[in-house]
Every structure is written in structure tokens, then in C-alpha cells.
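Asker: Here's a structure for you.
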Amino acid sequence: MPAGPMLIVAAMAAAVIACIFVAAWLLIGAPATGLRFTEIDERLCHEPPPRPLTVEQARQQWARHLGCRLGGCARKREIQRILRAAGVAPPFDATSTAPARRGGRHAHPRRRKT
């Protein structure tokens, strides 16, 4: 067999093997190098927004930050500031929705006095 057709067959075989490898890699869900999109999104979602939020955007993002503390989540502080300025203020975090370090409602079970 001449060299030309052998090279074509070898190139096609290499392409098929590469396609199978890529398909298997995508099906297995092997992580790409670095952080996944969800990890990056989770890290960035608590930082202050790069551009001012609209009232509608603040309303949409409010539910995501219900469990955040105001002291630890700059995005929640910005959302509350925007909604208060618009007159649709969410309730203040008088009782935090995040679990307290000490004490708190569920920190210690009640013991019955006998």
C-alpha cells in the first residue's frame, strides 16, 4: 500500500480516537483545570456588585442571600440599601437567619425539669 493512503488512514484513526476520548471526558464530567463555574459564582456572589443593581435585580437576588449575615455579605448590604431607597425595604436582620455561634434558639435543647 502506498504511503499516501496509509497516512490518511492513520490520521483518520487518530481523529476518531481523539473524538472518543473527548466524548468520554465530557460524559464523565472530569473537571477542567481550575475552579468550576459554580465555585467561581459562589465566591463572587457575596462581593459587592461591580455595577449598581436595579430594584428588579435586587429583588431577584434577595432570596439567594437570605441566609447571609449583613456583616459578612456585602451583596446583601447593597441589596438592602437599594430596596430601602426604593421604598420596598426588606425586614432588618434583627434576628439573623444564619445560625449564631453561641446561644441562639437551637443551640441547646431544652431540658425538662422533673
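Asker: Can you pull out the residues in segment 62-72 that are open to solvent by 50 Å² or more (accessible area, probe 1.4 Å) and part of a helix (DSSP H, G or I)?
Answerer: A63, R64
Asker: Another question about this same structure. Could you check T54 against (1) under 17 Å from the mean Cα position of the chain (by Cα); (2) open to solvent by less than 90 Å² (accessible area, probe 1.4 Å) and say which number it fails?
Answerer: (1)
Asker: Here's something else I'd like to know. Of L70, L66, which residue is at pLDDT below 85 and in contact with an Asp or Glu (Cβ under 7 Å, 6 or more places away or on another chain)?
Answerer: L70
Asker: Of everything in segment 73-100 that's under 22 Å from E42 (Cβ atoms) and open to solvent by 60 Å² or more (accessible area, probe 1.4 Å), which residue is modelled with the highest pLDDT?
Answerer: R77
Asker: Contact list please: Cβ distance under 9 Å, first residue in segment 43-56 and within 11 Å of L83 (Cβ to Cβ), second residue surrounded by 11 or more Cβ atoms within 10 Å (Cβ to Cβ) and charged (D, E, K, R), pairs at least six apart or on different chains.
Answerer: L53/R75; L53/E78
Asker: A further question follows. Residues in segment 1-51 that are in a helix (DSSP H, G or I), loosely packed, with under 10 Cβ neighbours inside 10 Å and either modelled with pLDDT under 75 or in contact with a strand residue (DSSP E or B) (Cβ under 9 Å, 6 or more places away or on another chain) (or both): how many?
Answerer: Final tally of qualifying residues: 3.
The values are calculated or read from the model by the stated rules, or taken from the named source; none is laboratory data. The structure presented is a predicted model; accordingly, all values stated were derived computationally and were not measured. Quick reminder, even Gly has a Cβ in these numbers, built from the backbone with ideal geometry, and neighbours come from all protein chains shown. For accessibility, only protein heavy atoms count, side chains too; no ligands or nucleic acids. Shrake-Rupley method; radii C 1.70, N 1.55, O 1.52, S 1.80 Å.
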